């Protein structure tokens, strides 16, 4: 499909087919108004905008100024008829098409209720980071949604809501279908005062949002207890994944929550962070402002907080964290941080039960000679916790050397026998603050030989929920192979 071109403010409105200014109205040359990014309201007067087109936008007006579109109502940006097979791609140029021109395009709103919707199957990309700006310049708002992204992509955009200095209701970014924020920057002001999240909300079920290499700056230190940075309202089967990038700013350490599941009466809501730089707690906390009744999950891996690499898993049953910035006990497992920092999983599962077990898996690659193996998991058990072999056990999955079949073996017992005491002496500590621990282990022998160069998976299951805040466990994920 032939490309199209826009030079905002050019003297003549051309047919959009070349990057040069037209010499007569309707002649060969660029369109002359940025309004054509909203073709539903402003269809091109000359030429056509077919699906599958790439539209290049000069990032300064014909007179050389940055471009600002001031909203007078809600607007839809992008071609409404675009399809997944034939999307429309809008490119804010930085000097490739128009040499030496590297400006900015801003969609500016100050009215409480006006917002921008990105039409489905449209991609908006700035070639210079943060040159495409969505600015909600309102200090307070009863409804603060500004960008609604519907099954499309924003790249290198700046979504600026930092003017909101007073906590109020509403989202900043809402999404109603699967979408991607690629290398975007978010400047976010005061959190929402209701159960709506301050940042991204998934507004319809069965959808996900992906943030790829995005920076999120929280500019307000105001703390709001019944909200979170991410959330989903009451929709089911929805999720947000953030890969790379960072979360920072004064609001990230003020005490606000990373995630809000206050309306988690629907099933299968998740948030996943991979390789994201974020502060140490309190931002890491998850806000559950109502009694949760349906599954949700938060998973953070390969992350970095104040120089401390670690992971965090949280769901309906409780949480596990491997953060090392609060001096937890550890044993054999070492972080790949260049310093061989010892670490362990700290687990607290207040809502685990026989019908809702905490389940966590650990894996190792077995490279030794094929043999029957003894596998042992070491853990510290708080003296106020009361696990036994019927409520705390391991399952082993491996590949049989003779048949290459998947095999399994378990320590699960239906009798409340005590866990086996451990005699290891290499835990870094056997207390954590005021909490004292006993040492325990779970051990199993594979009934057949384990195939060389295959994965051995150990799955820890726990149904011993305890609401006592001191009923914690430390588990060494580097299970022993004998």
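Laboratory data are not the source of any read-out in this text; all were calculated from the coordinates shown. Since the structure is predicted, the reported quantities are computational estimates derived from the model, not experimental observations. Neighbour counts are summed over all protein chains in view; Cβ atoms, including those assigned to glycine, are modelled from backbone coordinates with ideal geometry.
Relative contact order of the range 20-106, please, whole-number percent, based on alpha carbon pairs below 8 angstrom and at least 6 residues apart.
Relative contact order, the range 20-106: 33 percent.
Cβ-to-Cβ counts within 10 Å put 458, 127 in ascending order as 127, 458, the fewest first. The stretch between residue 25 and residue 243, if pulled fully straight at 0.36 nm per residue, gains 73.8 nm over its current Cα-Cα span. Here residue 84 and residue 452 are evaluated by their C-beta separation; at R0 = 35 Å the FRET efficiency comes out at 0.15. For the pair residue 250 and residue 299, a Förster radius of 30 Å applied to the C-beta separation gives a FRET efficiency near 0.70, rounded to the nearest 0.05. The order of 42, 366, 12, 181, going from fewest to most other C-beta atoms within 10 Å of their C-beta, is 42, 12, 366, 181.
Extending 7 Å from Cα along the Cβ direction at residue 406 and again at residue 2 yields two label points whose distance is 5.6 nm.
A simple spin-label model places the labels of residue 353 and residue 165 4.9 nm from each other, with each point 7 Å out along Cα-to-Cβ. Legend: calculated FRET efficiency, residue 182 to residue 35, from the Cβ-Cβ distance at R0 = 22 Å, rounded to 0.05, equals 0.30.
Ranked by how many other Cβ atoms sit within 10 Å of their own Cβ, fewest first, the residues 184, 214 fall in the order 214, 184.
Extension gain, residue 424 to residue 469: 0.36 nm times the residue separation minus the Cα-Cα distance gives 13.6 nm. Remark: spin-label model distance residue 339-residue 438 equals 3.5 nm, labels positioned 7 Å along the Cα→Cβ axis.
Evaluate the Debye formula for the range 367-463 with equal point scatterers sitting on the alpha carbons, no solvent, and hand back log10 of I(q)/I(0) at q = 0.10, 0.13, 0.19 Å⁻¹, in q order, two decimals. Rounded to two decimals, the profile gives -0.33, -0.54, -0.92.
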